[in-house]
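This report concerns only the one structure given below.
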Amino acid sequence: MTQSGVPVIRVADLKKYYGDVKAVDGITFEVERGEVFGMLGPNGAGKTTTIEVLEGLRPPDSGTVEVLGLDVRHHPQSIKERIGVQLQSVSLYPRLTVTELLDLFGSFFSHRVPTKQLIEAVDLGERAKAWSMNLSGGQQQRLSIALALVNDPELVFLDEPTTGLDPQARRSLWDLIRGLQERGKSVMLTTHYMEEATELCSRVAIMDHGHILEMGAVSDLIGRRFKERAVFFDSNPRLPADQLARLGGVTRAAQEDGQTVLYSSDVPGTIAALLATTDGLGVEPHNLGIRQATLEDVFLDLTGRALRD
Ligand code: ATP
């Protein structure tokens, strides 16, 4: 067993290039036992490459990569016994049932969780005898998580666990992942959904072009950059930018997704000044609202680009 206090993942200056493509270009991070750690970034950021190196599926070019205190280059087999890896697709064996697949995967390991218990854990009891090809998208993802749990792993890797799912199926997967953490497991996941990272992760690393741009608890990442809250509204015509910037409390005015957004350190003062201004101009603001900054704002601020679903 790993001693408590030793990180479940330790990566230092990891590099992995494919020819000229610097997929992972010198990243350093640690994941503590019991954390749900998220790697957030757009397509091509290097998330999958990182997770595959950690799983022992790709050799690193350089750097330190330790999983459960063991070097992935020297102890791949011992690591595989103790980690869970979610496969991207369970359609490999379309005509095996849920039960048969779990039995089959369980047979690869000396230490295994009973199939019935796994089926209950992922709430697939009513589909236990169904062919995997006949499961819904959400059920297939739940099965792929059950398959990652057959050896009762200490650390579970989930690569974009909810991509392509509808909101309801996504929320049910989130409950499942929270349950893993409650049962003492450490989880590393990748996602390009900022809401998913915000909901699930104790800490996130924001990755882009093979680099980690920022890392920390979501609230810290937001708080470090944005002391203000955002006041947003639609208006026709749009109000002049210089006038908006002069409203009380406004530190920055922007147009985002067709809406006017005012970052404000004094929300009541800004709204009062805004309404006085629009009244004076005979313009009516619509869909007026207030929100905290989000991870999306952090990504936009870091890269100048939106991180889109
Ligand atoms: P996605 O969300 O699309 O999976 P990602 O953040 O997981 O993106 P990676 O899949 O790690 O990113 O890819 C990082 C970069 O490396 C991309 O430019 C990709 O095209 C490239 N790449 C990935 N795998 C290979 C490969 N086997 N051969 C060559 N280039 C690769």
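So, restricting to strands (runs of 3 or more DSSP E) that lie completely within the range 221-309, which ones have at least 1 residues that are among the hydroxyl-bearing types (Ser, Thr, Tyr) and open to solvent by 60 Å² or more (accessible area, probe 1.4 Å)?
Working: elements: 229-234, 250-256, 259-264, 286-291.
Strands (runs of 3 or more DSSP E) meeting the threshold: 250-256.
Scanning the range 11-23 for residues that are more than 9 Å from the ligand (Cβ to nearest atom) and open to solvent by 40 Å² or more (accessible area, probe 1.4 Å) gives Asp13, Lys15, Asp20.
If I filter the range 230-252 for residues that are closer than 24 Å to Thr48 by Cα and more than 16 Å from the ligand (Cβ to nearest atom), do I get at least one hit?
Of all residues in the range 230-252, those closer than 24 Å to Thr48 by Cα come to none.
Checking the range 230-252: not a single residue is closer than 24 Å to Thr48 by Cα and more than 16 Å from the ligand (Cβ to nearest atom).
Within this structure, Gly84 fails the test of being over 27 Å from the mean Cα position of the chain (by Cα) and either surrounded by 17 or more Cβ atoms within 10 Å (Cβ to Cβ) or without any contact (Cβ under 8 Å) to a residue 60 or more places away in the chain (or both). Quick check on Val53: is it among the β-branched types (Val, Ile, Thr), in contact (Cβ under 8 Å) with a residue 60 or more places away in the chain and either part of a loop (DSSP other than H, G, I, E, B) or crowded, with 20+ Cβ neighbours inside 10 Å (or both)? When the stated conditions are applied, Val53 does not pass them. Restricting the range 183-213 to residues that are of a type in the set (Ser, Thr, Tyr) and away from the ligand (no atom under 13 Å from the Cβ), the residue that is most open to solvent (accessible area, probe 1.4 Å) is Thr198.
Note on the range 24-50: residues that are open to solvent by 20 Å² or more (accessible area, probe 1.4 Å), near the ligand (Cβ under 8 Å from one of its atoms) and not in a loop (DSSP other than H, G, I, E, B) total 1. Considering the range 157-180, and only residues there that are crowded, with 16+ Cβ neighbours inside 10 Å and either among the acidic types (Asp, Glu) or within 16 Å of the ligand (Cβ to nearest atom) (or both), the residue that is nearest to Arg82 (Cα to Cα) turns out to be Phe157. Picking from residues in the range 218-249 that are small (Gly, Ala, Ser) and under 36 Å from the mean Cα position of the chain (by Cα), the one that is modelled with the lowest pLDDT is Ala241.
The values are calculated or read from the model by the stated rules, or taken from the named source; none is laboratory data. None of the values given here were measured: they were computed from a predicted structure. Don't worry about glycine lacking a Cβ; one is built from the backbone with ideal geometry, like all the others, and counts go over all protein chains shown. SASA here: full protein model, heavy atoms, side chains in, ligands and nucleic acids out. Shrake-Rupley method; radii C 1.70, N 1.55, O 1.52, S 1.80 Å.
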